[in-house]
Each structure stands twice: as structure tokens, then as C-alpha cells.
Amino acid sequence: MGQVRDLDVCAVTEAVKAMCITANYDLPADVYDALVKAKEAEESPVGKEVLDQLVENADIAAADRVPICQDTGFAVIFAQVGQDVHLVGGPFDDAVNEGVRRGYGDGYLRKSIAEEPAHARRNTTDNTPAILHTSIVPGDKVRLTMMAKGGGAENMSSLNMLKPSQGWDGMVEAVVDTVSRAGSNPCPPVIVGVGIGGTIDTVTVLAKKALLRDVGSAHPDPRIAGMEAELLEKINALGIGPQGLGGSTTALAVFIEEMPCHIASMPMAVNVQCHAQRHKTVEL
Amino acid sequence: MAAKNITTPLSDEDVRDLRAGDAVAITGVVYQARDAAHKKLVALIAAGEPLPFELRGAVVYYMGPSPAKPGNVIGSAGPTTSGRMDAYAPLLMRHGLKGMIGKGLRTQDVKDAMHECTAVYFAATGGAGALLAKCIVGNEVIAWPELGAEAVARLEVKDFPVIVVNDCHGGDLYEEGRAKYAKTV
């Protein structure tokens with residue numbers, strides 16, 4: 001058990017602000033490299049041209065310090081707070097939201113959050129509140145991950161309460177069907193996050209966390225790595241292609257995470273992510 | 001890919017000349033409008049009141065930009081998912097709308113209205129907002145500034161790159177392209 005360390009939440013605000021801006025301007029290297037590779041492999045000339053535009057777009061965004069996409073997203077924050085950290089200077093959640101407010105303001109990012117969605121749909125004008133997932137972990141550090149999640153791809157995601165008897169075949173069908181029905185809507189080539197297990201609330205968070213893996217990385221469990229490869233092949237055989245205009249690159253990656261579930265259940269969530277997979281992590 | 005050059009506003013003849021799969025460079029004025037603006041436009045038509053812009057021959061761009069940095073015409077400005085405007089698009093076409101720029105699937109109702117009213121649906125590359133903003137040379141908010149990114153703006157574009165997805169003859173690149181590259185695994 002280490003010493004308790006004081007951490008002023010001002011540092012949290014500053015870190016969140018910086019991540020909101022850089023995540024939206026700089027496409028991660030793994031995604032950039034995957035787009036370049038996909039361009040070489042793509043069978044459709046139109047698809048190649050689209051991938052070329054996406055690479056050029058990432059270059060312009062990074063050089064001009066402007067957002068990769070105008071939909072700068074919901075600010076989704078994963079916070080792992082070490083249990084030996086003592087947060088001082090104000091409420092943690094407020095500090096995170098203040099970081100989002102400043103990042104989306106100072107970074108010229110779009111404010112895309114509507115309050116009272118069932119009736120008024122008023123823009124909150126500062127992109128708050130953030131979606132904040134906090135967990136307590138061992139240690140005396142705070143690890144923050146910011147993901148800018150656009151609306152178009154999020155809308156194409158699915159929650160599937162399968163029967164255990166449906167097994168792997170049922171899961172394959174549900175994932176491929178989700179991507180197939182989405183077609184051109186979520187800005188393919190997509191990245192597909194799959195959560196398996198848990199309950200309806202935890203399985204969707206699991207699917208979102210799966211999206212944080214590096215494109216090109218293999219799952220440490222070879223059985224899951226094999227399932228990911230099988231799904232990627234089936235999705236790319238759909239022919240949807242870059243932007244849905246036809247082609248051999250519909251997805252750049254499929255990532256699966258699993259957790260225990262009830263003996264009666266087989267929950268599966270599919271979180272669809274556009275090619276602009278924007279995220280950053282810092283440790284304080 | 002050699003692009004066809006077209007200038008807005010569009011005539012029926014311009015539209016008839018376009019086929020699914022054509023690469024097109026648009027020059028002229030297009031009107032930025034997405035969800036909230038469409039709801040208001042349709043309400044104005046229902047009330048018999050004038051619209052903030054001339055719909056006859058117009059091209060609408062389904063887009064809500066990020067804020068412009070000082071010195072820039074506009075922020076990032078790529079297309080949003082068109083399907084959310086499907087409920088409104090047929091009425092606008094019946095009142096003269098000739099072109100829609102967006103991304104993603106349209107309903108059969110919208111495709112039927114495109115055929116009946118001689119209109120065309122273009123896709124711009126989603127997630128290429130920094131690149132597409134370079135083709136926007138003028139930007140003036142003309143209605144509902146309180147909607148922020150959802151306001152209606154008059155955008156002047158130069159060689160704005162799009163591809164025809166649905167033409168007025170029934171061609172559909174999303175269906176044709178997908179069928180061409182689908183494989184059996």
C-alpha cells in the first residue's frame with residue numbers, strides 16, 4: 001500500500017481539455033497506417049480514391065490544426081482512478097466537464113449535445129455533459145482516456161440479447177447483420193467493437209472499450225483473435241466498401257472483449273465506429 | 001477519375017444528364033441545412049410562408065460545420081447522415097429542390113420522389129471535413145443562427161467533389177457498388 005498522493009483536479013481539467021483538442025486534430029498513427037494499407041489493398045478504384053481522400057484529410061487536419069471531422073463527437077471519458085490518489089480542489093466530475101467545455105471552446109470544436117432530447121432538444125452550447133466512466137484501480141495515478149464519438153456511427157450500433165444456444169454462429173450473424181444494415185451510413189471503413197457477456201448496461205461499455213485497441217493488434221487470447229479475424233473477413237466480403245460505394249474494405253478491424261454473464265443470457269453489443277477513430281490517453 | 005463539372009442552380013436537364021457513379025465537381029451556391037433546419041423549412045411550407053432561400057433548382061448540403069477558426073471561411077465541413085432528412089426530402093423536392101449532398105442510405109420514398117421530381121442525390125466523403133472545407137469559398141448564415149451548427153447557411157463552393165449515388169433514372173450506386181464487390185465466404 002503506497003502513500004496517498006494529493007492531485008489537484010485542475011490537472012484533470014487541463015488534461016481533458018488538451019485531449020479533446022488533440023484527439024480531434026490528430027488521427028492516431030495506427031488508424032492512419034491502416035488507411036494507407038487499405039488504400040493499397042482496395043479492389044475498387046472509387047474505393048481507392050475515397051481512402052486517398054481520407055489520408056489527405058488527416059494530413060490537412062494535423063497540419064492546419066482543424067478537426068478531422070466536423071462531428072467532433074460526444075466526449076466519452078474513461079477514468080481509472082488509483083485508490084491511493086486523493087483528489088483535491090473540487091468535484092472530479094465537474095473538473096472533467098470543465099475540461100470538455102474548454103477543449104471544445106478553445107479548440108473550435110463543434111458542440112453537438114442536445115439536452116431534453118425527448119422534447120426541447122436544446123443545444124447545451126459547450127458539448128457537456130461528458131459521458132464519464134470512472135473505475136477505481138490500484139496505485140496512485142489517474143489514467144484518463146478521451147474518445148470523440150460521432151453520432152452517425154453510434155446510431156448504427158446494436159444491442160443483441162441472444163440465447164446461449166445460438167452460440168458463436170448466432171454472434172457472427174448478429175455482428176455481420178449490424179454492419180450490413182448500416183451500409184454506407186456509419187462512414188466505412190469502420191472499426192467494430194464487440195462486447196460479449198455481462199448485462200445490457202455493462203456489455204455496451206465493453207463494446208466501447210474494445211474500440212480503444214490499436215488497429216492491427218491481435219487479441220492476447222488466440223481463440224478471440226481467431227474470432228476477430230473470421231468476423232473481419234465476413235464483413236469485408238459484404239462488398240460495402242469505403243463510404244459504401246462498393247469495395248473490399250468495409251472494416252479496418254474487429255475487436256472483441258468478453259466478461260462473465262448470467263447462465264440464462266448471451267448479451268452482445270456491437271459498437272460501430274467510423275474510420276475517424278479519435279482517442280487519446282494521459283496518466284496524471 | 002475525370003469529374004463532370006456542374007454549376008448550381010440545377011435544371012432538369014442538368015439532373016437528367018447525371019448517372020449513378022459519376023464523379024462530379026460542383027461550383028456555385030449550395031445551402032447548408034440539417035435536422036433542425038429541415039423541420040423548420042417543412043413547417044414554413046405547411047404554413048404557406050416564404051422560405052429563407054429559393055428552393056427552385058437548389059442543392060442542399062446535409063452538413064453542420066465545426067466553428068471556423070479566425071481567418072477561415074468555415075470549420076471542418078463534411079456530410080452528415082442523410083437518412084435523418086428522409087422524412088422531409090420528398091416535400092422539398094416537390095417544391096423545386098434538385099440536389100441533395102450527404103452520405104448514407106435513402107428510403108424508397110425519397111428515391112421515388114427523385115424520379116418523379118427529377119432530382120439527384122450526391123455523396124461527399126464522410127469524415128473528410130478538413131479536405132472538403134477547402135472547396136468552400138463563401139459562407140453566410142441566412143436563417144436561424146440560434147441553431148448554431150444547425151443553422152441554414154448559403155455556401156459558395158468551387159469544384160466541390162461528390163459522386164452521384166441516386167440518379168433520377170433509378171440508378172443506385174450503393175446497391176450496384178456493393179453487388180459488384182460482394183463475395184461468398
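Rule-based calculations on the coordinates, nothing more; no lab input. If you're wondering where the values come from, they're calculated on a predicted model, not measured in any experiment. For neighbour counting, all protein chains shown are included, and Cβ atoms are generated from backbone atoms with ideal geometry for every residue, glycine included.
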Centre separation in Å (Cα based) which lies between region B:77-91 and region A:151-221: 26
Restricting to lysines 8 or more places apart or on different chains, can you count the pairs in chain A with Cα atoms under 17 Å from each other? 12
Lysine pairs, Cα distance under 16 Å, 8 or more residues apart or cross-chain: how many in chain B? 5
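How many partner chain Cβ atoms sit within 10 Å of a residue's Cβ in peptide A:246-252, on average, as a whole number?
Mean shielding count: 3.
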Dipole-positive endmost among A:Val9, B:Thr8, A:Gly241 within the protein assembly as shown (Cβ charges, Cα centre): B:Thr8
Can you tell which of B:Ala68, B:Ala37, B:Pro50 lies farthest toward the positive end of the dipole of region B:33-72, using +1 and -1 charges on the Cβ of basic and acidic side chains (Lys, Arg; Asp, Glu)? B:Ala68
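Need one value for A:229-241: mean number of C-beta atoms belonging to other chains within 10 Å of its residues' C-beta atoms.
Numbers: counts 0, 1, 0, 0, 2, 2, 1, 3, 5, 5, 7, 5, 6.
So the per-residue partner count for this stretch is 3.
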What are the trypsin sites (Lys or Arg not before Pro) within region A:62-151 that DSSP puts in a loop, where the Cβ has at most 13 other Cβ atoms within 10 Å? A:Arg121
Please check: in the Gaussian network model of chain B (C-alpha springs, under 10 Å), which one of B:Arg106, B:Arg34, B:Arg16 has the largest mean-square fluctuation. B:Arg16
Looking at B:Ala124, B:Gln108, B:Leu97, which one has the Cα that reaches farthest to the positive end of the dipole of region B:94-135 (charges on Cβ: Lys, Arg +1; Asp, Glu -1)? B:Ala124
Taking chain A as a Gaussian network, where each spring joins two C-alpha atoms under 10 Å apart, which residue of A:Glu228, A:Glu257, A:Glu173 fluctuates the most? A:Glu173
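Compute, for chain A, the length of the dipole vector about the Cα centre, with Cβ point charges of +1 (Lys, Arg) and -1 (Asp, Glu) only. Units Debye, rounded to 20.
Working: 24 positive and 37 negative charges, 88 e Å.
Dipole about the Cα centre, nearest 20: 420 debye.
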Under a Cβ-only charge scheme (Lys and Arg +1, Asp and Glu -1), can you give me the dipole magnitude of region B:1-111 about the Cα centre, in debye to the nearest 20? 300
Neighbourhood net charge (10 Å Cβ-Cβ; Lys/Arg +1, Asp/Glu -1) for A:His133: +2
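Compute and list, largest first, the equivalent-ellipsoid semi-axes of chain A from the alpha carbon gyration tensor, each √(5λ) rounded to a whole angstrom. Please list the in-between numbers first.
Numbers: eigenvalues 190, 121, 64 Å².
For chain A, the ellipsoid semi-axes come out as 31, 25, 18 Å.
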Looking only at other chains, what is the average number of their beta-carbon atoms within 10 angstrom of each beta-carbon in A:34-46? 1
